[in-house]
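The values are calculated or read from the model by the stated rules, or taken from the named source; none is laboratory data. Because the structure is a prediction, the values reported are computed rather than measured. Don't worry about glycine lacking a Cβ; one is built from the backbone with ideal geometry, like all the others, and counts go over all protein chains shown. To get the accessible areas, we keep the full protein, side chains included, count just its heavy atoms, and leave off ligands, DNA and RNA. Shrake-Rupley method; radii C 1.70, N 1.55, O 1.52, S 1.80 Å.
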Amino acid sequence: METTLNNDITTTATTTHLNNNNIIIQQTKELEFNYLQDVCHRGQLAYTNSKYVDAISLYDHVIEQIQGKLIGKIYLRRAIVYEQLGNYQQALQDAQRATIADPTLADGYLVGGNILHVIQHQLADASQMYQNGIDHISKKDPKYSQLVTCKNQITQEIRQRNTRIIHILPYDIICEIMAKLSIMDRFNFSACCKDLRDYLLDSPVMWQDIHLLPSLLDKIGLVASQHVRRLTLSDIKKNQDVLHRLVDYNWCHIESINISNSSINRSSWRHFLQMNKQIKSIQLTDTQADAEDTTETEGLFHDIFDICSNHLTDLTYIHHIGDRRWYYNFYDRPYPTLKLSNEPTQPLALTHLNIACHLTLTYLPQLLPHCSNLKHLAIDADKHEGEDADLIALVERSCPYLHTFHYGNGLMEEDQHITNTMTNTNMNHNNTFSMHQHHHRLRLKQLAYFPNITHKVDNQLAQLVETSHRTLEMFRLSMLMQPATQTLIQLATLGAPQLQRLELLDAPCKYVDKVIRVCPSIRWITLDSVTDDTLDSLMQLEHLQRLSISLNMDEITVNKLETFFTSTPSLRNVYISATDHFTDNHLWAIQGHNKKAYNKHDMKKRNKMNNIETLELSGCIATSITVDGIQRFSQQHSETLLQLTLSSTSVPMHDKVVALANLKNLRSLTLRGHGCLDVGKDTVAALFNQRRQIQSNNTLKTEMKELSVALYRTRDEKPVIYTSDMSSETMNTLERKVQQPDILSRYSHMAWLGMLREP
């Protein structure tokens, strides 16, 4: 009896304890729910007050905390905010997530379908979105009839488009086909009849990218301007005020404009920008105002920030001045103040800035303090008046989130179309902007620096390497004008574990070797004056894929060159330049093995051989090697080499080109320089015939790949391209079009061939 009573008391106590725990858990959940409900209310209030970035941040916090159907409504609210910001792709993704979390959420289908229909013009996907809503929503839901109406509207629109002119293919496929037409073909197609013109005008895909040449200016009125988003203008003359015509035809939805080699009216430029304040990307290359006064050309730069700085994210301004008097007259007067259209307390939206213009570089001290969002900065230092050290300090102080910094003589020409390969991360800056608010050091991912001859920046550059060595993925440095010993010592001491591309020009070999040994992730390297010791260091790079080197033939041995290529099986692209003393033995060493490696029983050694796919030989290499050497070389590389480039300065190349016939997998052959003057249709035809003969005599019947041969007789000449499937008549026609090459000066010719010309 007593035992039973004790058991009852114990059971009662345990039940009471569990009930108390449940109450505590329930109260905790209620507190968390009330907190999240308050955050959602604050997010809705921020949206009502047009504080969209704050609203997204609050909704992000709520989404991380909850699950189940309730998260669908939060996704829907965030989708609406993204839609207001113009981020339609993110809004569409959130609408789709909302319908997945809660399939009965009618507004999710309506928001997603509206974006697909009205914004992206993807009628089939929009129709499917509405149909999914109809399948999951109850007929008693007030939004059910709205879904049915939207679905029927799209179905009718698709049916009308499919039954106009072309009755065979659906509308989406027709758009894909017509989008491949040139702009002139589109004009001609739209001029056939009214129905065809209406068909084109209703097709946004065909007008989003427009490239207007001077020959097309009279046909501007034929373009469906309401659909144009990306505009390219080139070779516009002074008397062709194309921007004025664009304003007259109401081109007001431009998001990106690229103007090159043109002269534009400043007044029309301002009107065009005022009509397109939403523009996000501007690129001006060798473009100036229709005036002799340089202040008008300078004004083009002013107008950009005076009108479009609120939305502009990408700006490239390159101007190669022809009259040096403009340069000096410009610096004889004070610089006007740069006017910005954004609020003084808010940073610019600019994330990419490329400048190579003496009229605009002087505005960097005014501009960069407002560019705290900048991620990519490229500057042509050859036209910069200030000290390099001051510029580095300004960049560090003003651009805390910078990922890419390119600065140097001639870098802009080389990297004019450089793109930021890093992933752009979304950063919310809720604090008040101030040019002195950032104190942390830069963490760069790309650094390219070619110092000016009069400006010493070794210490400042070494500090940049110190703060960025853990994140650095690309590093390019030239010591031709100024030594940067401290920078190399810093890099060799700290190492760069993520560095993938390295370029060092005129650097002492002892520092280069140390840098290579502490950067094991290098995949692409460019060096000059390479010696045997440098090759020893390069053999430590297990991931090396692209190599661009200039050989110091006085300190390079054939055995070391052969050992290097044998030890780098990952190597795929090789660019080699040499001045003299380059022999056939050096050429054979590039394969990385000798004749013994061809023994079919020595499979282990053959597997270690590299598989070079792209090879470029420049300098005096083509002059030094013999026809017999090339024949053996082509036999060695017959299975692997896909692209080959030869640059020759003086010797005839006919027999050497024909000797390449054994490269059965070769698909592209490029010949450059005055040594190729004797190479023409006859040489190329002999090469093709030799390949066919090898093919017919081959007992294994190994198929020869189709080959294209490109001839560059002079630096500026467009290539003449022959292909192995061309008929004799076609080759004769191409030969007649070839002009006699101009005589180049020794300086320009050697600059063209280049010891380390970029691939």
Some residue of segment 245-254 being in a helix (DSSP H, G or I) and over 18 Å from C308 (Cα atoms): yes
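Give the residue, chosen from L402, L377, L359, that is modelled with pLDDT of 80 or more and under 23 Å from D286 (Cα atoms).
On the way: L402 fails: under 23 Å from D286 (Cα atoms); L359 fails: modelled with pLDDT of 80 or more.
Only one candidate qualifies: L377.
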Pairs with Cβ under 7 Å, 6+ apart, first in segment 651-678 and more than 21 Å from W588 (Cα to Cα) and modelled with pLDDT under 85, second of a type in the set (K, R) and not in a strand (DSSP E or B): C676/R713; L677/R713
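Picking from D38, D8, which residue would you name as being acidic (D, E), more than 38 Å from the chain's Cα centre (by Cα) and at pLDDT below 50?
Details: D38 fails: at pLDDT below 50.
Unique residue meeting the criteria: D8.
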L231 being assigned to a helix (DSSP H, G or I), of a type in the set (A, V, I, L, M) and open to solvent by less than 40 Å² (accessible area, probe 1.4 Å): no
Hits in segment 117-135 (condition: surrounded by fewer than 23 Cβ atoms within 10 Å (Cβ to Cβ) and assigned to a helix (DSSP H, G or I)): H117, V118, I119, L123, A124, D125, S127, Q128, Q131, N132, I134, D135
Pair list, Cβ < 8 Å and 6+ apart or interchain, from segment 232-245 residues that are at negative phi to residues that are part of a loop (DSSP other than H, G, I, E, B) and open to solvent by less than 80 Å² (accessible area, probe 1.4 Å): S234/L213; K238/D290; D241/N265; D241/D290; V242/I236; L243/N265; H244/N265
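Restrict the check to segment 94-114 and report whether at least one residue is touching a helix residue (DSSP H, G or I) at 6+ places or on another chain (Cβ under 7 Å), open to solvent by 80 Å² or more (accessible area, probe 1.4 Å) and outside any loop (DSSP other than H, G, I, E, B).
So in segment 94-114, the residues touching a helix residue (DSSP H, G or I) at 6+ places or on another chain (Cβ under 7 Å) come out as 94-99, 101-113.
Those left that are additionally open to solvent by 80 Å² or more (accessible area, probe 1.4 Å): 97.
Next, from what is left, pick out any that are outside any loop (DSSP other than H, G, I, E, B): 97.
Checked against the condition, which is being touching a helix residue (DSSP H, G or I) at 6+ places or on another chain (Cβ under 7 Å), open to solvent by 80 Å² or more (accessible area, probe 1.4 Å) and outside any loop (DSSP other than H, G, I, E, B), segment 94-114 yields at least one hit.
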Neighbours by Cβ (under 7 Å, 6+ apart or cross-chain): first from segment 257-271, closer than 10 Å to L233 by Cα; second open to solvent by 60 Å² or more (accessible area, probe 1.4 Å) and not basic (K, R): N261/D235; S262/D235
Subset of segment 249-278 that is open to solvent by less than 60 Å² (accessible area, probe 1.4 Å) and among the hydroxyl-bearing types (S, T, Y) - its residue that is modelled with the highest pLDDT: S256
Unique residue being over 25 Å from C175 (Cβ atoms) and basic (K, R) when the list is K151, K140: K140
Enumeration of residues in segment 189-221 that are open to solvent by 40 Å² or more (accessible area, probe 1.4 Å) and either more than 32 Å from the chain's Cα centre (by Cα) or of a type in the set (D, E, K, R) (or both): F189, A191, C192, C193, K194, D195, R197, D198, D202, D209, D218, K219
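Within the bounds of segment 68-83, is there any residue that is over 22 Å from Y35 (Cβ atoms) and open to solvent by 60 Å² or more (accessible area, probe 1.4 Å)?
Keep residues of segment 68-83 that are over 22 Å from Y35 (Cβ atoms), which gives 79-80, 82-83.
From the residues that got through so far, the ones that are open to solvent by 60 Å² or more (accessible area, probe 1.4 Å) too are none.
No, because not a single residue in segment 68-83 is over 22 Å from Y35 (Cβ atoms) and open to solvent by 60 Å² or more (accessible area, probe 1.4 Å).
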Selected residue (criterion: farthest from S203 (Cα to Cα)) from residues of segment 136-154 that are open to solvent by 50 Å² or more (accessible area, probe 1.4 Å) and among the hydroxyl-bearing types (S, T, Y): S138
